[in-house]
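A short write-up of the structure that comes next.
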Amino acid sequence: MLSSDLKSLQELKNRILANNVDSSLYIFECEDNYFLAYQYVNAIAKIRHLEVDIIYDNFDSVVTSAKDDLFVVSDDSVRLLVYECKDVFTTNLDKSQLDNVIVLCKKNDTSFEAIKMPKLVD
């Protein structure tokens, strides 16, 4: 499961309002653009006192970097790593090495559940 069994946007919103957001991996599946997702990214970063660091390489490089300690991804990290992509192709993720990581994607091809971000309407 994702982020301690977090399954919906409403649950995430409730946790943010309660200042109770953990460092687990979050995958935001965005139907439209990433605007709404970044509102949640910024709220999580503010609560956890982290700087947002957007990663533009492929996701496997984020995983490799985390393993190689190029990015310190742990509870004492000062950065929230955000990876923005169309599809997440990595299916063998080790969540234990992906604390303080948020993936923004259009389609989630992993075995992990994603929080669906709805399309914004006027």
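Things to note:
- Taking amide H as placed 1.01 Å from N in the peptide plane, Cys30 has its amide H under 5 Å from the amide H of Cys105, Lys106, Met117, each at least 5 places away in sequence or on another chain.
- The amide H of Glu84, built 1.01 Å from its N in the peptide plane, has Ile55, Leu104 as neighbours under 5 Å, considering only residues 5 or more places off or on other chains.
Every number here is computed from the coordinates shown, using simple stated rules; none is lab data. Since this is a predicted model, take the numbers as computed values, not measurements.
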